[in-house]
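Student: To start, I am sharing the structure in question, which I have written as structure tokens.
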Amino acid sequence: MSANNSEQMTRAEAEDFLFAEACLLDQGEVNEWRKLFTADALYWLPYSRDVNVDPTKHVSIIYDDMEMLDERIKRLQSGACHAQIPGSRTQHSVNNVRVKTVDGVVIIDSYLTLHEYRANRQDRFYPLQTMAANCEHKLVKQDGEWKMTSKKVVLLNCDGEIYDLSFLI
Amino acid sequence: MTVERDYDDLARIDRTHVSLYNDQGVYSDEMERIFYRSWIYVAHESEIPNPGDYKTTFMGDVPVIVTRSENNEINVVINRCTHRGVAVCPLEKGNTPSFVCQYHGWEFGMDGELLAVSMPRGYNEGELDFKSLGLVSAKKVESYRGIIFASLLSVPDISLDEKLRGVKEYIDMYMDFSPVGEIVVGNSGVNKHYYNANWKIQTEGSVEGYHAPVTHATAFDIMIRKMGMPDNYQGYGTKGMDGGYGNNLLEVYSLPDEAVYKRWPAEYIDLMIEKHGKERAMHVLRHRFNLVIFPNLALLEYQFRVIRPMGVDKTEVRMYHTMLKDAPDEINTRRVREHEFFYSPAAFGGPDDYAMFDRAGQGMKAEMVPWILFNRGIKSEEVDEHGRRYGGHTQETQQRAPYFEYRRLMKLGSQS
Ligand code: FES
Ligand SMILES: [Fe+2]
């Protein structure tokens with residue numbers, strides 16, 4: 001990535017981007033959401049709150065390059081991901097947005113509150129799940145569009161007992 | 001007077017009764033007869049490498065502390081102050097010179113000995129017997145290749161050596177994937193799952209060959225295309241084995257040499273040969289297996305899986321990722337990537353397993369449909385010279401295996 005300090009993003013623009021991204025996820029527009037990533041991007045949910053955790057030496061919840069993310073999406077859409085029968089409804093609420101630019105890359109830090117629910121389960125009474133996370137989006141401009149070179153989601157309870165995260169976050 | 005259950009009838013050779021998964025009374029018997037009186041996995045030595053290190057865990061429902069004392073002795077003590085019942089250690093792991101109960105300040109050594117109490121003058125002569133008031137220690141603690149087992153309330157009727165006899169060669173192989181024969185457990189991550197059904201479903205499910213092509217069709221497809229899993233792996237000596245005393249094994253495959261070179265990079269193979277000798281190195285590298293050490297431990301390719309019953313219908317499963325000491329970084333990173341691919345709560349395999357276990361919890365509420373079937377392949381089992389029974393990897397030798405020990409311990413317990 002060439003250093004290009006001309007690219008800036010205001011907080012309002014950053015919020016627009018994150019709100020649009022959340023909307024795609026929540027409405028199941030997964031293929032559109034996938035297009036927000038650059039070809040060499042990383043989709044990462046670490047298992048640790050330690051900012052220095054080395055993903056080559058520590059297991060992550062998700063550590064997807066785009067090839068693996070495509071496999072993930074294909075699998076989710078195949079109907080053969082049994083943990084997603086029935087599938088999750090999600091609502092991503094984004095707040096506490098801050099933006100900075102480092103070496104030509106825009107970095108957005110935000111808080112995520114995520115609600116998840118599964119209707120139509122045989123056992124009924126699926127409890128509404130609430131999750132909290134810190135997100136870091138790294139963006140560059142490609143052909144006039146903002147694209148994510150990385151999306152990192154650090155759950156508040158990433159190192160705790162987790163029931164199931166078989167949906168996209 | 002409670003009526004003694006007939007465990008020969010409830011846990012038959014070819015089927016188990018659904019009450020074993022639902023009944024609070026059976027659960028209490030299991031705690032008393034299996035989890036408090038036989039060899040239970042508690043920790044691996046690499047989790048507490050230095051004097052003063054400890055970790056807390058559970059033996060059945062009982063909270064315990066596994067400690068390493070100044071003189072490098074490993075102890076297992078019940079995490080329960082002998083004064084008024086407070087857990088003396090509130091953390092999962094750490095390092096400490098002693099445990100001081102924060103209710104009234106009684107202090108215990110790493111081996112449980114009561115060292116001091118606060119304001120001792122309030123006790124009159126004869127009111128405080130230091131000797132009898134240490135934390136309660138497990139009756140027996142022993143380890144094999146760093147794997148620590150304990151028995152809580154009585155000395156088991158078989159030695160650890162005897163308990164592991166039929167599966168030691170696989171434990172050895174697991175460790176010898178490291179060029180120096182040593183692993184580090186849990187430092188590189190721990191997956192922490194739970195599901196809403198009985199613990200035995202995970203014991204049975206850790207060596208399940210039959211479900212793999214159904215539940216995990218999509219995951220296996222990716223492993224074959226991207227992770228060096230041989231596409232015809234089922235032709236490579238896959239099998240199920242009953243290794244005795246409830247221990248059992250799913251041999252996923254046993255590769256010919258050419259396939260070993262496809263599966264692993266040459267530098268790693270060379271290093272293994274240099275350290276272990278050619279024959280031993282190739283023998284180890286050929287194998288991939290899931291090994292259950294009854295009742296609460298499973299060794300899978302990249303993890304120590306620890307099964308914790310939390311009542312009759314809830315189970316916590318922890319997967320402690322394992323790293324190979326002195327293996328090339330590339331190999332350990334591959335262990336990280338391949339493990340998280342299959343087993344994290346967002347992964348391509350594990351969540352589907354837990355979905356099935358939850359559904360088992362739901363279906364088994366139908367008590368009037370009483371039997372859980374394990375008869376697949378029962379007529380074609382073969383026996384080797386050590387008395388180990390073998391079946392095809394998608395048959396149910398591995399699921400029948402735990403219940404031989406289950407019956408033995410449940411009946412033994414009724415006599416004491
Ligand atoms: S309960 Fe521990 S010192 Fe009183
Ligand atoms: Fe599975």
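Student: Taking the condition among the basic types (Lys, Arg), more than 11 Å from ligand 1 (Cβ to nearest atom), within 14 Å of another protein chain (Cβ to nearest Cβ) and under 26 Å from B:PRO309 (Cα atoms), does B:LYS93 pass?
Tutor: Yes: the conditions hold for B:LYS93.
Student: So A:SER93 ticks every box in (1) touching a His at 6+ places or on another chain (Cβ under 9 Å); (2) closer than 30 Å to B:LEU324 by Cα; (3) surrounded by fewer than 15 Cβ atoms within 10 Å (Cβ to Cβ) but one. Which box is left unticked?
Tutor: (2)
Student: Looking at the structure I just gave you, is A:TYR117 among the hydroxyl-bearing types (Ser, Thr, Tyr) and modelled with pLDDT under 95?
Tutor: Considered against the rule, which asks whether it is among the hydroxyl-bearing types (Ser, Thr, Tyr) and modelled with pLDDT under 95, A:TYR117 comes out as no.
Student: Give B:GLU381, B:GLU396, B:GLU405 a once-over and let me know the one that is away from chain A (no Cβ under 11 Å), charged (D, E, K, R) and in contact with a helix residue (DSSP H, G or I) (Cβ under 7 Å, 6 or more places away or on another chain). Explain how you work it out, then say what you get.
Tutor: Numbers: B:GLU396 fails: in contact with a helix residue (DSSP H, G or I) (Cβ under 7 Å, 6 or more places away or on another chain); B:GLU405 fails: in contact with a helix residue (DSSP H, G or I) (Cβ under 7 Å, 6 or more places away or on another chain).
Result of the check over B:GLU381, B:GLU396, B:GLU405: B:GLU381.
Student: Right, B:MET223: within 14 Å of chain A (Cβ to nearest Cβ) and either more than 16 Å from ligand 1 (Cβ to nearest atom) or modelled with pLDDT under 95 (or both) or not? Reasoning before the result, please.
Tutor: Numbers: within 14 Å of chain A (Cβ to nearest Cβ): yes; either more than 16 Å from ligand 1 (Cβ to nearest atom) or modelled with pLDDT under 95 (or both): yes.
Against the criterion (within 14 Å of chain A (Cβ to nearest Cβ) and either more than 16 Å from ligand 1 (Cβ to nearest atom) or modelled with pLDDT under 95 (or both)), B:MET223 qualifies.
Student: Does B:ALA327 satisfy the criteria of being farther than 28 Å from B:GLU162 by Cβ and modelled with pLDDT of 95 or more?
Tutor: Here the answer is yes, as B:ALA327 does meet what is asked.
Student: Specify which of the listed residues (B:GLY189, B:GLY243, B:GLY209, B:GLY228) is outside any strand (DSSP E or B), away from ligand 2 (no atom under 16 Å from the Cβ) and in the same structural domain as B:GLY350 (by TED's automatic domain parsing).
Tutor: B:GLY228
Student: Do we find that B:ILE13 is β-branched (Val, Ile, Thr) and surrounded by fewer than 20 Cβ atoms within 10 Å (Cβ to Cβ) in this structure?
Tutor: yes
Every residue, every condition in (1) more than 29 Å from B:TYR245 (Cβ to Cβ); (2) more than 12 Å from chain A (Cβ to nearest Cβ); (3) surrounded by fewer than 23 Cβ atoms within 10 Å (Cβ to Cβ), yes or no:
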{"residue": "B:ILE293", "(1), (2), (3)": "no, yes, no"}
{"residue": "B:ALA298", "(1), (2), (3)": "no, yes, no"}
{"residue": "B:ARG308", "(1), (2), (3)": "no, no, yes"}
{"residue": "B:GLU316", "(1), (2), (3)": "no, no, yes"}
{"residue": "B:HIS321", "(1), (2), (3)": "no, no, no"}
{"residue": "B:GLU330", "(1), (2), (3)": "yes, no, yes"}
{"residue": "B:ARG337", "(1), (2), (3)": "yes, no, yes"}
{"residue": "B:TYR343", "(1), (2), (3)": "no, no, no"}
{"residue": "B:ASP352", "(1), (2), (3)": "yes, no, no"}
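Student: To continue, here is another question. Got at least one residue in region B:108-115 being within 12 Å of ligand 1 (Cβ to nearest atom), more than 14 Å from every other protein chain (Cβ to nearest Cβ) and not aliphatic (A, V, I, L, M)?
Tutor: Yes, region B:108-115 has at least one match.
Student: May I pose another question? Of everything in region B:86-118 that's of a type in the set (Asp, Glu) and buried (at least 17 other Cβ atoms within 10 Å of the Cβ), which residue is nearest to B:GLY134 (Cα to Cα)?
Tutor: B:GLU113
Student: Is it true that some residue in region B:143-165 is within 14 Å of chain A (Cβ to nearest Cβ), crowded, with 18+ Cβ neighbours inside 10 Å and touching a residue at least 60 places away in the same chain (Cβ under 8 Å)?
Tutor: Within region B:143-165 (the criterion being within 14 Å of chain A (Cβ to nearest Cβ), crowded, with 18+ Cβ neighbours inside 10 Å and touching a residue at least 60 places away in the same chain (Cβ under 8 Å)), the answer is no, since none of the residues qualifies.
Student: Let me ask something else about it. What tally of residues in region B:325-346 results from selecting those that are part of a loop (DSSP other than H, G, I, E, B) and away from ligand 2 (no atom under 15 Å from the Cβ)?
Tutor: So the count comes out to 5.
Student: Would you say B:ILE307 is more than 28 Å from B:SER159 (Cα to Cα) and of a type outside the set (D, E, K, R)?
Tutor: Answer is no for this residue.
Student: Continuing with the same structure: Could you check region B:346-363 and list, in sequence order, the residues that are in contact with a strand residue (DSSP E or B) (Cβ under 6 Å, 6 or more places away or on another chain) and in contact (Cβ under 8 Å) with a residue 12 or more places away in the chain?
Tutor: B:TYR354, B:PHE357, B:ASP358
Student: Next question. If a residue has to be more than 10 Å from chain A (Cβ to nearest Cβ), crowded, with 21+ Cβ neighbours inside 10 Å and of a type in the set (Ser, Thr, Tyr) to count, how many in region B:195-220 make the cut?
Tutor: Selection size over region B:195-220: 2.
Student: Now for a separate question. Do we find that B:ARG376 is of a type in the set (Lys, Arg) and not in a helix (DSSP H, G or I) in this structure?
Tutor: So B:ARG376 fits the description; yes.
Student: If a residue has to be away from every other protein chain (no Cβ under 11 Å) and of a type outside the set (Asp, Glu) to count, how many in region A:50-87 make the cut?
Tutor: So the count comes out to 6.
Student: Which residue is nearest to B:CYS81 (Cα to Cα), if the candidates are limited to region B:119-139 and must be more than 15 Å from ligand 1 (Cβ to nearest atom) and surrounded by 15 or more Cβ atoms within 10 Å (Cβ to Cβ)?
Tutor: Per the stated criteria, the residue is B:SER137.
Student: Additional query: Any idea which of B:GLY363, B:GLY277, B:GLY311, B:GLY349 is within 16 Å of ligand 2 (Cβ to nearest atom), modelled with pLDDT of 95 or more and among the small types (Gly, Ala, Ser)?
Tutor: Sole residue among the options that is within 16 Å of ligand 2 (Cβ to nearest atom), modelled with pLDDT of 95 or more and among the small types (Gly, Ala, Ser): B:GLY349.
Student: Could you please tell me which pairs satisfy a Cβ distance under 6 Å, a separation of 6+ or placement on different chains, a first residue in region A:146-160 that is away from chain B (no Cβ under 14 Å), and a second residue that is assigned to a loop (DSSP other than H, G, I, E, B) and at pLDDT 95 or above?
Tutor: Matching pairs, first to second residue: A:MET148/A:LEU36.
Student: Among the residues of region A:115-122, are any surrounded by 13 or more Cβ atoms within 10 Å (Cβ to Cβ) and away from every other protein chain (no Cβ under 14 Å)?
Tutor: Yes; the residues of region A:115-122 include at least one that is surrounded by 13 or more Cβ atoms within 10 Å (Cβ to Cβ) and away from every other protein chain (no Cβ under 14 Å).
Student: Just need a number here: residues in region A:77-90 that are in a helix (DSSP H, G or I), surrounded by 18 or more Cβ atoms within 10 Å (Cβ to Cβ) and in contact (Cβ under 8 Å) with a residue 12 or more places away in the chain.
Tutor: Within region A:77-90, residues that are in a helix (DSSP H, G or I), surrounded by 18 or more Cβ atoms within 10 Å (Cβ to Cβ) and in contact (Cβ under 8 Å) with a residue 12 or more places away in the chain number 2.
Student: Mind listing just one residue for me: the one in region B:281-324 that is of a type in the set (Lys, Arg) and assigned to a strand (DSSP E or B) and, of those, nearest to B:ASP161 (Cα to Cα)?
Tutor: The selected residue is B:ARG305.
Student: Here's another thing I want to ask about it. Please specify each residue of region B:246-273 satisfying the condition of being under 30 Å from A:ASP70 (Cβ atoms), touching a residue at least 40 places away in the same chain (Cβ under 8 Å) and either assigned to a loop (DSSP other than H, G, I, E, B) or hydrophobic (A, V, I, L, M, F, W, C) (or both).
Tutor: The answer is B:VAL252, B:TRP264, B:PRO265.
The values are calculated or read from the model by the stated rules, or taken from the named source; none is laboratory data. None of these values were measured; they are calculated from a predicted model. Cβ: placed from backbone, ideal geometry, glycine included. Neighbour counts: every protein chain shown.
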